[in-house]
Amino acid sequence: MTAEGSVRAEIPVGIDELLERVREGLDRVEADAAHEAARAGEALLVDIRYAALRERDGLIPGALVVERNELEWRLDSQGSHRAPEATSHDLRVVIVCNEGYASSLAAASLRQLGLH
């Protein structure tokens, strides 16, 4: 909204630009580092790949499987539908998808909820 109270039209961006903007504020983690952080209890590893990819490529040991459309509800520690693993907004979360696109957008959404 503007100072006058009217709604200002936002300039649309394409998905490539949005993804670039989102990734600027994220810490990207390589697979080995993510696995080690989860194993050491320093991070919650969350697999948001859809079922067909998990069936094709297998499960990630130690990862919490959460469908993308449920992610914010399951990881908000204040939410009524939270996963038991979602113990705090201070929890470091590593989101995993197939190629890093959906996980980047998901991580940005979780940041808006106050997660790390």
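Worth pointing out:
- For region 16-116, the set of trypsin sites (Lys or Arg not before Pro) satisfying both a DSSP loop assignment and a count of at most 16 other C-beta atoms within 10 Å is given as 28, 82, 92.
- Residue-wise HN-Hα coupling along region 82-96, computed from phi with Karplus coefficients 6.51, -1.76, 1.60 (Hz; x: Gly, Pro): 5, 6, x, 6, 7, 8, 6, 6, 7, 5, 7, 10, 10, 9, 10
- Average accessible area per residue (Å²) across the chain - probe 1.4 Å, nucleic acids and ligands excluded: 69 Å²
- Per-residue ellipticity at 222 nm, computed for the chain from helices alone with -39500 (n - 2.57) per DSSP H run of at least four residues, works out to -10500 deg cm²/dmol.
- Residues with amide H under 5 Å from that of residue 92, placed H, sequence gap 5 or more: 44
The values are calculated or read from the model by the stated rules, or taken from the named source; none is laboratory data. Keep in mind it's a predicted model, so treat the numbers as computed, not measured. FYI the Cβ positions are ideal-geometry reconstructions off the backbone, even for glycines, and counts take in every protein chain you see. Heavy atoms of the whole protein, side chains included, go into the accessibility calculation; ligands, DNA and RNA do not. Shrake-Rupley method; radii C 1.70, N 1.55, O 1.52, S 1.80 Å.
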